[in-house]
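The block underneath contains the structure these notes are about, expressed in structure tokens.
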Amino acid sequence: MTESAESTTPVLVEQRGHTLLITLNRPKARNAVNRDLALALGEALEQAEHTDSVRTVVVTGAGDKAFCAGADLKAAAAGELGMTEEPLKSWGFAGFVKHWISKPVIAAVNGFALGGGTEITLASDLAVAADTATFGLPEVTRGIMAAAGGAFRLPRQIPLKVAMEAMLTAEPIPAARAYELGMVNRVVPQDQVVEAALELADKINRNAPLSVQATKRVAHGITDGAVNAEKEDWSRNDTESAALIRSADAREGMTAFAQKRAPEWKAE
């Protein structure tokens, strides 16, 4: 693929043996999610699910600095994330966080993963992180919340009080600490993160595909492509998030961020 083609393709998809390697390809925007990226990522997961020769998926980011910086704020402000249209409405943020497939998905976190980047990691089955990677949910500094699953998934994947501190203070979690907490499976040098994820995928690929897929469905409680146990979580999440988005503090948070100044909260 030529350099010009790569620069206009939001997601790169390449099958390596039995693994589908998916690369978020907006490095100049720190691989932030807009509608085109979300749709392409969701379609890539569908390709993996319905291709018999694909047994695992690895998701990574282009470049050596960012895995995913979360939502593209310009696109979000313009209503261009596509979250109210199908199939993105069903698939969730980035076409990913509610998009349950039977094939195991490994996040290869090649750089910082903040906000939605952390939520993509939490929605993956396994994760390999570069030693330079950082995780975090900084939404409270913007007057909003981690509404792509982070607010309820992080406290279930690491100790509750540690998760609460991370979410309420918005302080980042370095890769080494994420490994200690069990948030990621491996931490490797930055230039080895994709290969390490592919090696982990290969270990899975050696096993019986139908057994692996059944195990994943039972482990997560997946029935007909959905996790019913999360239904109430998403309902509560969406209600709270919608109320926050309408608040004066949310407007102030976004404005302050754009103007590069400290926000002035009014709790209204």
**Report entry** Karplus 3J(HN,Hα) series, Hz, for the range 39-46 with 6.51 cos²θ - 1.76 cosθ + 1.60 (x for Gly, Pro)
**Finding:** 5, 5, 5, x, 5, 5, 5, 4
Report summary line: The number of Lys pairs in the chain whose alpha carbons lie under 12 Å apart, excluding pairs fewer than 8 residues apart on one chain, is 4
Requested in this report: Would you kindly derive the ³J(HN,Hα) couplings of the range 170-182 from the backbone phi angles with the Karplus curve 6.51 cos²θ - 1.76 cosθ + 1.60 (θ = phi - 60°), listing them in order in whole Hz, with x for Gly and Pro?
Outcome: 6, 6, x, 10, x, 4, 4, 5, 4, 5, 4, 7, x
Report task. Can you tell me the order of 45-58, 153-166 when each peptide is scored by its average per-residue count of other Cβ atoms within 10 angstrom, highest first? Result -> 45-58, 153-166
Query raised in the report: Which far-off residues, 5 or more places away or on another chain, put their amide H under 5 Å from the one on Ala66, with H placed in the peptide plane?
Result: Phe112
Report summary line: Listed by chain and number, the residues whose amide H is under 5 Å from that of Thr132, excluding neighbours fewer than 5 places away on the same chain and using placed H, are Gln190
Query raised in the report: How high is the relative contact order of the chain, in percent, with contacts defined as C-alpha pairs under 8 Å that are six or more residues apart?
Result: 17 percent
Query raised in the report: When ranked by the protection proxy of mean other Cβ atoms within 10 Å per residue, highest first, what sequence do the peptides 183-189, 37-43, 115-121 form?
Result: 115-121, 37-43, 183-189
Query - Whole-angstrom Cα spans of the chain along principal axes, big to small - result: 56, 43, 38
Query - Cα centroid separation, the range 89-121 to the range 189-211 (Å) - result: 17 Å
**Report entry** Residues with amide H under 5 Å from that of Arg55, placed H, sequence gap 5 or more
**Finding:** Thr19, Leu20
Report summary line: Note: Ser90 to Leu73 extended length (0.36 nm per residue) minus current alpha-carbon separation gives 4.0 nm
Report task. Specify which residue in the list Ser102, Pro209, Thr255 is farthest towards the positive end of the charge dipole of the chain, using unit charges on the beta carbon of Lys, Arg (+1) and Asp, Glu (-1), about the Cα centre. Result -> Thr255
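Given axes a ≥ b ≥ c from the Cα gyration tensor, I'd like to know whether the range 122-257 is rounded (a/c under 1.5), prolate (a/b larger than b/c) or oblate.
oblate
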Query - Using a Förster distance of 41 Å, the FRET efficiency for Asp202-Val162 (Cβ separation, nearest 0.05) - result: 0.80
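Please state the relative contact order of the range 127-268 as a whole percent: Cα pairs under 8 Å, 6+ residues apart?
Across the range 127-268, relative contact order equals 31 percent.
Each value in this text was obtained by applying a stated rule to the coordinates, not by laboratory testing. The model shown is predicted, which means the values in this text are computed figures rather than measured ones. Virtual Cβ from ideal backbone geometry, glycine too; neighbours counted across all protein chains shown.
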